[in-house]
Each structure stands twice: as C-alpha cells, then as structure tokens.
Amino acid sequence: MEWLKAELEVRTPGRGLHDFTDRIAEQLRLWNVQEGMCHLYLQHTSASLLISENYDPTARQDLEEFLRRIAPENQAWHKHTLEGPDDSPSHMRAMLTGTSESIPVDNGALSLGTWQGVYLCEHRMDPHRRKVLIRCLKIK
C-alpha cells in the first residue's frame, strides 16, 4: 500500500454548492490509483463538504435553499457577526454538513453512486479560495 497526499484549491464565486468531483478524479488519475480509499478534508469553518445528487440542478438548488432556511442570516440572537451577517450562519451550516468525506476507489474511479457528486459547500456570500486536503491509500 502507498499513502498519497495533495492539496486541491477550490475557488468559489460565493455561496452555493460547487461540484468538484472531476478535480478529485483527475488527481486519482495522476496518481494512477486503481484500488484504494480517498479521504477528503476541508480546512475551513465556514465551508463544508457534501456528497449528494449532481445530475439534476434543481436538487442542488433545493439543498442550497434548505441550508439558507435552516440557518438564516440577520437573526437578533446571533452574537458572532464580526465578519458580517453571514458569519454565524456559515458556521452553523458547516456544522450540519461536515468537513470530511471518505470514498472508495474501484477500477480507477471514485465509487460514487450513479447520481452522486462531491460538493464544496461555500456558506459565505463572498468568493473564497478553499483548501481541500486529499489523501489516498493506494492498494498496489
């Protein structure tokens, strides 16, 4: 077995779910991984990772709306607003969706379901550069 490491920078235009499945698959191709386990970790507190449907764009829109409704901005009870009205809600949304994912690799491809993709969920309104650590245990 071999342990492989890289860092992907994902630039986001602002709030929303941003599919970067192809970027992960490209890294696995560069490493020539046929079998193994791919681990992703996001080093941020106001963004998150999510595996969900990536075929129908309305599914993504519904998820974005759900996150907006479950943790709305401009609430009187928010204390953590140092960086603006999206500060506290962005951390709440990240808490719900998480910062890591593990995906098996079989026959040179991520073993995602037919309609699944990997999203970086940007919870802040402004564009950001997010770092995703990618680690792969490659079975020789």
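For the chain, a simple Cβ point-charge model (Lys and Arg +1, Asp and Glu -1, everything else neutral) yields a dipole of about 380 debye relative to the Cα centre.
Ranking of Thr58, Thr99, Thr81, Thr114 by neighbouring Cβ atoms within 10 Å, starting from the fewest: Thr114, Thr58, Thr81, Thr99.
Between Glu26 and Ser100, full extension at 0.36 nm per residue minus the direct alpha carbon distance yields a gain of 24.8 nm. Just checking my list [x] 55, 29, 21; [y] 45, 31, 26; [z] 34, 28, 23 against Cα extents along the principal axes in Å computed from this structure; which label fits? Recomputing Cα extents along the principal axes in Å here picks out [x]. Helical content alone sets the calculated 222 nm signal of the chain at -8000 deg cm²/dmol, taking -39,500 (n - 2.57) per DSSP H segment of four or more residues and averaging over every residue.
Plainly put, segment 1-78 has a radius of gyration that is 1.05 times its Kirkwood radius, both from alpha-carbon atoms, as the Rg/Rh ratio.
Where in segment 27-70 is the amide nitrogen less than 18 Å from a point lying 7 Å along the Cα-to-Cβ axis of His78? Zone members listed by number: 45-48, 64-70.
Counted residue by residue at 0.36 nm each, then reduced by the alpha carbon distance between them, the extension gain from Met1 to Gln116 reaches 38.7 nm.
Read-outs: derived from the displayed coordinates by stated rules, not from any lab. Computed from a prediction, not measured in an experiment: that's the story for all the values here. Cβ sites come from the backbone with ideal geometry, for glycine too, and all protein chains shown count toward neighbours.
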